[in-house]
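Values quoted throughout were computed directly from the atomic coordinates according to the rules given, and no laboratory measurement underlies them. Model, not experiment: these values are computed from the prediction. Glycine also receives a Cβ, built like all others from the backbone with ideal geometry; neighbour counts cover every protein chain displayed.
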């Protein structure tokens with residue numbers, strides 16, 4: 001074999017090996033994407049407390065200035081005594097005056113008590129209570145995909161933008177994976 005034939009054979013062999021190595025790399029490299037089969041939103045019911053306030057009228061009893069109801073008792077006694085004095089004659093006049101004064105004092109006391117009990121004023125107050133409001137929210141997406149002929153599921157924070165998921169070194173390229181499990 002002459003020298004030029006030997007150099008040609010070496011270069012040709014190297015070229016064949018290089019092409020075979022590159023082709024073999026492409027073959028062993030694997031797919032560059034996984035095929036999306038189905039995307040299912042994952043819902044969760046979230047309960048949040050909410051404070052609800054309303055203005056409510058509140059009735060208050062007015063402060064009492066004459067707790068013993070002396071004014072009502074005295075005025076009632078005087079009026080009762082005058083009326084009793086008008087009814088009775090002679091010795092009965094004294095008895096009816098005293099009875100009228102006693103009855104009038106009692107009645108005046110009770111009238112003043114009724115007036116004091118009904119003497120009220122109204123204010124507006126805030127009454128609040130807490131209720132739980134429930135609302136449905138999407139917490140992620142379960143994505144079923146096929147990679148290398150095997151079906152699996154992954155939970156993603158966001159739904160994939162198309163029907164393929166990029167793959168590098170045999171693994172999905174995801175920005176935020178929440179968990180991966182084989183499909184059943």
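Over the range 52-184, what relative contact order in percent results from Cα pairs under 8 Å that are six or more residues apart?
Numbers: 194 pairs, mean separation 31.6, N = 133.
Relative contact order, the range 52-184: 24 percent.
Find the all-direction average of the projected area of the Cα convex hull for the range 34-80, expressing the result in square nanometres with one decimal place.
On the way: hull surface 32.9 nm².
Mean orientational projected area (the range 34-80, Cα hull): 8.2 nm².
Rounded to the nearest 0.05, what FRET efficiency is calculated for residue 39 and residue 134 with R0 set to 22 Å and r the Cβ-Cβ distance?
Details: r = 25 Å, r/R0 = 1.14.
After rounding, the FRET efficiency stands at 0.30.
Averaging sequence separations of C-alpha pairs under 8 Å and six or more residues apart, then dividing by the length of the range 63-118, give the relative contact order as a whole percent.
Rounded, it is 43 percent for the range 63-118.
Work out the FRET efficiency for residue 122 and residue 64 from their Cβ-Cβ distance, taking R0 = 22 Å, and round it to the nearest 0.05. Don't skip to the end; give the middle numbers.
Details: r = 18 Å, r/R0 = 0.80.
That gives a FRET efficiency of 0.80.
Once you put a point 7 Å from the Cα of residue 110 and another 7 Å from the Cα of residue 11, both along the Cβ direction, what distance in nm separates them?
Spacing of the two 7 Å Cα→Cβ label points: 13.5 nm.
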